[in-house]
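Please read the structure below before turning to the comments.
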Amino acid sequence: MIMFNPNSFGHLAALPPDWPGNFWLHLMAFTVIILAFVLITAIIFIWLERRGLGRLQIRLGPNRAGPFGLLQPLADVLKLLIKEDTVPTKADKLVFWLAPIVALAPVLMLFAVIPFQSGALLADLNIGILYVLAISSLASVGVFMAGWASNNKYSLIGAMRDVAMLISYEIPIVISIVGVILITGSLSLTEIVGAQESIPFILLQPLGFLIFFLGSLAESNRTPFDLVEADSEIVAGYHIEYSGMKYGTLMLTEYAEIIAISALVTTLFLGGWQGPLLPPILWFFIKVAAVFLLSVWIRGTIPRLRIDQVMAFAWKFLLPLALINLLVTSLQVVLWPEASLWLIVFLNLTVMAILILSWSRFFRLGGERIEV
């Protein structure tokens with residue numbers, strides 16, 4: 001077990017718990033910071049993704065609005081603001097109106113416990129991981145509300161797919177995080193970051209990182225797991241009847257989810273804000289952007305899976321590997337608590353390679369064997 005020492009940050013001065021003065025100022029300041037961070041980062045990531053996909057697909061991407069297309073996200077927002085807000089005649093109007101808010105609010109709440117640097121967070125909960133796992137599941141309630149209230153069969157199918165994927169991928173995600181908790185001995189996200197001062201957990205838990213990242217992509221409906229809005233099957237999925245800023249809010253929810261996932265991966269596996277030379281908060285943003293660009297790379301290179309393949313990948317591949325990873329980590333913590341961390345890194349990388357290669361030999365998706 002790696003113990004956290006709050007005085008081990010060296011030159012990193014932690015912000016006081018009530019910064020900038022008292023509880024209410026702290027609450028208001030970090031609420032504004034979180035909202036600004038999500039909105040500004042979403043605008044930047046939309047541009048990065050569209051330009052990045054353009055390069056991956058041998059095209060230019062947005063290049064008309066402003067230099068290098070930098071103003072394209074703002075142009076899209078303006079377009080959504082002036083579009084007509086339509087509501088289907090037979091829709092459940094109250095639920096239809098509430099759904100985008102219910103989908104977005106839990107995602108924003110996740111950032112309350114994510115530390116941007118030592119002490120720079122809204123609430124440093126000692127059960128931060130439990131809070132994240134509990135709140136992250138609520139966004140699917142808004143998606144289901146949107147699909148149900150639209151009175152549209154395609155919308156309902158997309159909403160039901162989202163619920164099915166949530167149930168399927170939540171289990172391996174939770175189990176993959178347990179390995180980090182065993183090593184750290186804490187549920188606090190700040191203490192988990194502090195425990196990675198010498199070695200990031202992506203090296204100590206490479207299989208846990210892979211399971212958490214892929215499962216999170218599935219839960220956030222990112223390609224190749226975007227069955228919730230598969231245009232070739234169900235037109236646009238749960239938000240097919242939405243327009244104007246209601247549609248814009250649902251799109252903001254999707255980008256807020258991938259930002260939250262990138263921030264959680266950074267916190268749990270990449271050492272959070274820690275790094276040499278640069279300011280801590282800059283390191284945090286760099287790592288978050290790197291994780292997001294990795295998801296863009298996956299989106300631009302891997303085609304969409306079928307719904308049966310997505311379900312099979314969760315239950316037949318990620319879940320067994322998550323259980324094996326938990327068993328291996330438990331044995332290491334109990335039997336070799338004083339073992340060299342670099343020896344454990346080599347052992348876990350070897351175990352991950354053997355498991356993935358061997359499991360792919362007999363793992364089948366839709367009747368076809370997958371080879372690595």
Candidate set: the range 284-304, residues that are among the aliphatic types (A, V, I, L, M) and touching a Gly at 6+ places or on another chain (Cβ under 9 Å); chosen: the one farthest from residue 169 (Cα to Cα): 286
Filter pass, residue 101 being within 30 Å of residue 344 (Cβ to Cβ) and at pLDDT 85 or above: no
Single unsatisfied condition, residue 329 versus (1) touching a strand residue (DSSP E or B) at 6+ places or on another chain (Cβ under 6 Å); (2) buried (at least 21 other Cβ atoms within 10 Å of the Cβ): (1)
Residue match in the range 200-211 (condition: outside any helix (DSSP H, G or I) and either under 28 Å from residue 346 (Cα atoms) or in contact with a helix residue (DSSP H, G or I) (Cβ under 9 Å, 6 or more places away or on another chain) (or both)): yes
Residue check, residue 42 outside any helix (DSSP H, G or I) and either within 25 Å of residue 109 (Cβ to Cβ) or modelled with pLDDT under 70 (or both): no
Unmet criterion (only one of (1) polar (S, T, N, Q); (2) farther than 18 Å from residue 264 by Cβ; (3) buried (at least 18 other Cβ atoms within 10 Å of the Cβ)) for residue 89: (3)
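Residues checked against (1) assigned to a helix (DSSP H, G or I); (2) among the aliphatic types (A, V, I, L, M); (3) closer than 19 Å to residue 34 by Cα:
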| residue | (1), (2), (3) |
| --- | --- |
| 119 | no, no, yes |
| 125 | no, yes, yes |
| 131 | yes, no, yes |
| 135 | yes, yes, yes |
| 142 | yes, no, no |
| 147 | yes, no, no |
| 154 | yes, no, no |
| 160 | yes, yes, no |
| 164 | yes, yes, no |
Hey, residue 322 of a type in the set (A, V, I, L, M, F, W, C), touching a strand residue (DSSP E or B) at 6+ places or on another chain (Cβ under 6 Å) and in a helix (DSSP H, G or I) or not: no
Of residues in the range 332-342 being free of Cβ contacts under 8 Å to residues at least 60 places away in the same chain and of a type in the set (A, V, I, L, M), the one surrounded by the most Cβ atoms within 10 Å (Cβ to Cβ): 339
Residue check, residue 235 modelled with pLDDT under 80 and in contact with a Lys or Arg (Cβ under 6 Å, 6 or more places away or on another chain): no
Condition met for residue 248 (among the small types (Gly, Ala, Ser), surrounded by 19 or more Cβ atoms within 10 Å (Cβ to Cβ) and at negative phi): no
Condition check for residue 118: of a type in the set (Ser, Thr, Tyr), touching a Leu at 6+ places or on another chain (Cβ under 6 Å) and within 24 Å of residue 228 (Cβ to Cβ): no
Those residues of the range 285-308 which are modelled with pLDDT under 85 and part of a helix (DSSP H, G or I), in sequence order: 300, 307, 308
In the range 96-117, residue surrounded by the most Cβ atoms within 10 Å (Cβ to Cβ) [restricted to those that are aromatic (Phe, Trp, Tyr) and in a helix (DSSP H, G or I)]: 111
Criterion (among the aromatic types (Phe, Trp, Tyr), surrounded by 13 or more Cβ atoms within 10 Å (Cβ to Cβ), more than 17 Å from the chain's Cα centre (by Cα) and closer than 26 Å to residue 133 by Cα) met by exactly one of 284, 292, 317, 269: 317
Filtered residues of the range 56-86 (kept if without any contact (Cβ under 8 Å) to a residue 24 or more places away in the chain and either surrounded by 13 or more Cβ atoms within 10 Å (Cβ to Cβ) or touching a helix residue (DSSP H, G or I) at 6+ places or on another chain (Cβ under 6 Å) (or both)): 60, 61, 62, 63, 65, 66, 68, 69, 70, 71, 75
Out of 343, 335, 365, sole residue that is among the aliphatic types (A, V, I, L, M), at pLDDT below 90 and more than 24 Å from residue 181 (Cβ to Cβ): 365
Residues satisfying the stated conditions in the range 148-184, i.e. among the acidic types (Asp, Glu) and under 17 Å from residue 240 (Cβ atoms): 162
Residue in the range 212-230 that is part of a helix (DSSP H, G or I), over 15 Å from the mean Cα position of the chain (by Cα) and without any contact (Cβ under 8 Å) to a residue 40 or more places away in the chain present: no
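The values are calculated or read from the model by the stated rules, or taken from the named source; none is laboratory data. Owing to the predicted nature of the structure, the values given are computational and were not obtained by experimental measurement. Cβ sites come from the backbone with ideal geometry, for glycine too, and all protein chains shown count toward neighbours.
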